[in-house]
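Worksheet: the structure to be examined is printed underneath.
The values are calculated or read from the model by the stated rules, or taken from the named source; none is laboratory data. These numbers were taken from a predicted model, which means no experiment stands behind them. Cβ coordinates were reconstructed from backbone atoms using ideal geometry, including for glycine residues, and neighbour counts include every protein chain displayed. These accessible areas exclude ligands, DNA and RNA; they are computed on the full protein's heavy atoms, side chains included. Shrake-Rupley method; radii C 1.70, N 1.55, O 1.52, S 1.80 Å.
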Number of protein chains: 2
Amino acid sequence: MKAWHLTSRPQGLPTIDNFALRDLPDTPLDKDQLRVRNLWLSVDPYMRGRMNDAKSYAASFQLDQPMTGGAIGKVLESRMEGFAPGDLVLHMGGWREGGVIGLDMMPNKLPTALLDAGLPPQTFLHNMGLTGGTAWIGLLRVAAAKPGDTVFVSASAGAVGSAVVQIAKAREMTVIGSAGGAEKCAWVTELGADAAIDYKAAPVLPQLAAALERLGKPGIDVYFDNVGGEHLDAAFATANDFARFAICGMIDVYNDAKPQEMKYLIRTIPARIRMEGFIYTDQFIDCMEEFYADMSGLIASGAVTIRETVHEGIEAAPEAFLGLFSGENIGKMLVRV
Amino acid sequence: MKAWHLTSRPQGLPTIDNFALRDLPDTPLDKDQLRVRNLWLSVDPYMRGRMNDAKSYAASFQLDQPMTGGAIGKVLESRMEGFAPGDLVLHMGGWREGGVIGLDMMPNKLPTALLDAGLPPQTFLHNMGLTGGTAWIGLLRVAAAKPGDTVFVSASAGAVGSAVVQIAKAREMTVIGSAGGAEKCAWVTELGADAAIDYKAAPVLPQLAAALERLGKPGIDVYFDNVGGEHLDAAFATANDFARFAICGMIDVYNDAKPQEMKYLIRTIPARIRMEGFIYTDQFIDCMEEFYADMSGLIASGAVTIRETVHEGIEAAPEAFLGLFSGENIGKMLVRV
């Protein structure tokens, strides 16, 4: 089976030349190992950070080693207790067709009751997993958003952002989403957002101020940040007193070493803004049960809908990943292998 | 009696021409009013914001009206219950020699037990009041600093910063303070700081990194911000995981409309930094009793020392205020009238 290897560290935006698809050795199973055939691979913006040789919350990818990431696989062979051939597992051995998976890849059997009820397995790579969990934790736990709040979400047509919009609407909040382009904005409105801002059409701040004005709201109570930069500054500019910012991503600056110019950061003090960075894996275990129950209910009721941008075949993984940075995806970007 | 009036709104740094000293009308007392003779006036950086015609947490000063601010006065005449001639009161009718004080100026009798124990009355304008309370609330409540933490404090020779240094050392934290110039840095070290950085001598970040290295600390757990800008960015650069930033002031940018260039803001996510703006008056009532008991104990034991930069006479008030922005003061800037 083949796997994508990182062959050089990208400077700025990665290119296809940073990656190579190579055969994995075919080794017999040791104890506590599974052999899997992957069905779905996740590509996520946080992986860009792992391509640098710098200390971060997720370990750096090693050069000339297979990359890792979320994946859904089917067990072919098992020497791990509790797993049998045919089981569907969520694990971290992504970026490859499959192969040997140890405990370090954190395999988890997908809950059969939810699969039997019709939940597609790949949703555990998005709404029922990393991206939906990130949305739920960031909005409800980190930002402590509550009914009646006005919520601003950047990258609201992305996997995390679209889940934020829908969870917020299900909780009776007013939601303003930003996205790039008319098609994405139309989808964000379809998801229930009260206003959608096209950040490619005009600067963010005047559009955000105009949307608040139209909605009769003095400012935002919550900002869910996926992009940083201009969006974050617009959130500082329009924050109500005691606003909470959940900082989930800054995709605008992942590939870009230049400083962010923050004109309204100073409003932190008069508006008593609380800004907090968070990572899904820190908090997920503590709230997993509540999250699964709540999110599967929201999906079943139609309050949270599933939308995917799918690239086909293992060969397409790098182009799917690069598409995240050109804003290609609507909903969760996936690779079907 | 004379009072300083704001006669024009400053653009950038204020000048003496923005102010005029004018006579107050001599009116008889109404019910719920006091006539006071002020002894001490406070000048504080937050007053700069009140000179703008913009909504903020503290109301704008009105043009051609007497300015207000913290003051200690002696009651000359009283038609307010609980106050008698000779009482010392803390009130908001500053920037003037004295005059008529109503309930809107929030007069409070100074606690006679503490005065009798030798606490100088003007300390209720600094360590026992706005600046000491701001330090105590920001460090212990907002940033939740605890023994063993590494704390970075900007403007650590200022009224708030010097109190932060001393409270942190009394609580067994490691403290790095920044200040402008060798004299101030020497004083910060005298206060007990483990390292002092002269931000006028060299850029902040390399000095902060070197101080951490010398102290054998991997980074900072707490940042107490009085200045913003380069200091804040250096704090983002060196933050340990789950660091807390209490944002008290950004004196670097109060007079300056240009954006802050934040190169390390993106570390909010991998380091899960929590940054929170706060204002003394939001939280003071809730913790006043605990604060008075704790702070008077720290002063009595010598753990917190009193240092003042005093300008003499009502005429000197604007120059005392302007001195805050040129970094003139060591400890609390006061005017004795």
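As a test of the definition: with a 1.4 Å probe, what buried accessible area, both sides summed, do you compute for B against A, in Å² to the nearest 100?
Summed over both sides, the interface buries about 2700 Å².
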Given labels modelled 7 Å from the Cα in the Cβ direction, how far is it in nm from A:LYS200 to A:GLU312?
2.5 nm
Apportionment of accessible area to carbon and sulfur, the protein assembly as shown, percent (1.4 Å):
52 percent
B:ARG141 and B:ALA54 label points (each 7 Å along its Cα→Cβ direction) are spaced in nm at 2.6 nm
Run the label-point distances for A:GLY148 please: 7 Å along Cα to Cβ, every other copy, nanometres, shortest first.
4.0
q = 0.14 Å⁻¹, chain A: log10 I(q)/I(0) [Debye, one scatterer per Cα]
-1.11
Give, in whole angstrom and from largest to smallest, the semi-axes √(5λ) of the equivalent ellipsoid of region B:1-141, with λ running over the eigenvalues of the Cα gyration tensor.
25, 22, 12
Could you tell me the largest-minus-smallest coordinate of the C-alpha atoms of region A:1-82 on each of the three principal axes, in descending order and whole angstroms?
42, 26, 21
From the C-alpha coordinates alone, can you work out the Kirkwood hydrodynamic radius of region B:130-280, in Å?
14.8 Å
Here, trypsin sites (Lys or Arg not before Pro) of region B:24-128 satisfying both criteria (DSSP loop; at most 15 other Cβ within 10 Å) are B:LYS31, B:LYS55, B:ARG79
Counting other C-beta atoms within 10 Å, and keeping those with at most 12, which DSSP coil GluC sites (Glu not before Pro) do you find in region A:52-98?
A:GLU81
Once you keep just the Cα pairs under 8 angstrom separated by 6 or more residues, what percentage relative contact order results for region B:130-280?
23 percent
Every other copy gets compared here: list the nm distances from the B:GLU172 label point (7 Å along Cα to Cβ) to its counterparts, shortest first, one decimal.
4.9
Suppose a student asked you for the relative contact order of chain B, using Cα pairs under 8 Å spaced at least 6 residues apart; what percent would you report?
17 percent
Rounded to the nearest 500, the 222 nm mean residue ellipticity computed for chain B from DSSP H runs (n ≥ 4, each -39500 (n - 2.57)) alone is -7500 deg cm²/dmol
Once fully extended, how much extra length lies between B:MET92 and B:LEU76, figured as 0.36 nm per residue of separation less the alpha-carbon to alpha-carbon distance?
4.1 nm
Please name which of A:LEU34, A:GLY229, A:ALA159 has its Cα lying farthest along the dipole of chain A towards the positive end, using unit charges on Cβ (Lys, Arg +1; Asp, Glu -1) and the Cα centre as origin.
A:GLY229
Across chain B, how many lysine pairs, 8 or more apart or on two chains, come within less than 17 Å at their alpha-carbon atoms?
7
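Measuring with a 1.4 Å probe in the full set of protein chains, what accessible area per residue, in whole Å², belongs to chain A?
39 Å²
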Points 7 angstrom from Cα along the Cβ direction at A:LEU63 and B:ARG37: gap in nanometres?
8.0 nm
Of all alpha-carbon pairs in the protein assembly as shown, indicate the percentage at a distance above 33 angstrom.
54 percent
Hits for chain A under the membrane-span-like helix rule (DSSP H, Cα axial span at least 18 Å, Kyte-Doolittle mean at least 0.5) are none
Dipole check, chain A, charges on Cβ (K,R +1; D,E -1), about Cα centroid: among A:TYR46, A:PRO25, A:GLY249 the Cα furthest to the positive pole belongs to A:GLY249
Exam field: B:ALA84 pseudo-label spacings to other copies (7 Å along Cα-Cβ), nanometres:
9.0
